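Step one of this worksheet: look at the structure below.
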Amino acid sequence: MDPTPALWLIVVTLPLIVLTRWLNQHLQGVGLLLTGSEETAMLLHYLILLPGIVLHELSHFVAAKVVGVKTRGLSLRPSVRRGGAIRFGAVNVAKSDPFRESWIGLAPLLTGVGLILLVARWHFGVQTLPSLGFQNLGLLLRTSWHAPDSLLGLYLIFAVSNSMWPSESDRQPWAVALLFFALLAGMVYVSGLLARIPEGLGQWGLGGATLLVLAFTLSISVDLVFAALLLAVEKVGERLLGRYVEY
């Protein structure tokens with residue numbers, strides 16, 4: 001099996017997380033710079049990412065229903081939590097076991113990646129997503145900027161990629177689930193069962209890693225363009241308005 005997709009996944013994940021944090025900080029900062037109001041800045045930030053926020057919260061809601069965990073309401077209203085943290089939505093989920101809670105917390109990332117790949121397919125015109133191999137990545141990125149309705153597609157990628165990451169509360173149950181799977185993997189390795197795992201299962205895993213890499217790489221390329229535009233607006237605003245935002 002070719003380990004390249006798994007290695008590339010490690011390479012692209014951290015830059016995308018860092019870029020997402022930078023964009024969310026500066027979306028809020030530019031809104032504050034231009035309006036002088038924290039509430040208006042929060043509202044602008046919320047509206048810009050609204051498609052991704054809706055997808056994020058609906059993913060939690062549907063994932064909870066799929067695994068039989070009760071929900072107590074879904075909110076899509078922005079609010080400020082204690083300590084100044086901003087929350088753009090919430091799904092109140094009943095307590096359950098760490099595995100189902102981990103699945104619910106991970107759902108927005110999975111659906112976000114799925115939507116990004118669907119937008120790529122729509123732009124790229126392929127019939128099956130697995131055909132988006134590494135050899136087509138460069139063509140995919142070039143085509144995305146010239147496809148019909150490209151601005152809408154690129155905006156959707158931007159909004160979703162900057163809203164799909166699990167929040168701190170989403171990640172809380174992950175420690176137990178990760179420890180369980182780490183122990184299970186260790187037992188499989190020590191017992192010698194690793195060689196008996198069907199090759200098709202390994203190929204399926206590498207195929208999933210390939211799709212993640214494609215989604216993350218496309219997100220980075222789109223986010224970099226929006227980051228450049230956002231930074232330009234911020235610098236022009238600072239000069240014209242004579243005020244600055246500290247991050």
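The values are calculated or read from the model by the stated rules, or taken from the named source; none is laboratory data. Since the model is a prediction, treat every value here as computed from it, not as a measurement. Here the Cβ is made from the backbone with ideal geometry for all residues, glycine too, and neighbour counts use every protein chain on show.
A few points about this structure:
- Residue within the range 2-20 that is modelled with pLDDT under 95, over 30 Å from PRO98 (Cβ atoms) and exposed (fewer than 13 other Cβ atoms within 10 Å of the Cβ) present: yes
- In the range 157-175, the residues that are buried (at least 18 other Cβ atoms within 10 Å of the Cβ) and either farther than 27 Å from VAL93 by Cα or modelled with pLDDT under 85 (or both): ILE157, PHE158, ASP170, PRO173
- Any hit, the range 86-94, residues being in contact (Cβ under 8 Å) with a residue 60 or more places away in the chain, crowded, with 19+ Cβ neighbours inside 10 Å and more than 30 Å from VAL236 (Cβ to Cβ): no
- When we screen LEU27, LEU76, LEU43 for residues that are touching a residue at least 12 places away in the same chain (Cβ under 8 Å) and crowded, with 18+ Cβ neighbours inside 10 Å, the only hit is LEU27.
- Qualifying residue in the range 189-196 (condition: of a type in the set (S, T, N, Q) and modelled with pLDDT of 75 or more): no
- Residue within the range 105-119 that is surrounded by 15 or more Cβ atoms within 10 Å (Cβ to Cβ), at pLDDT 65 or above, not in a helix (DSSP H, G or I) and not basic (Lys, Arg) present: no
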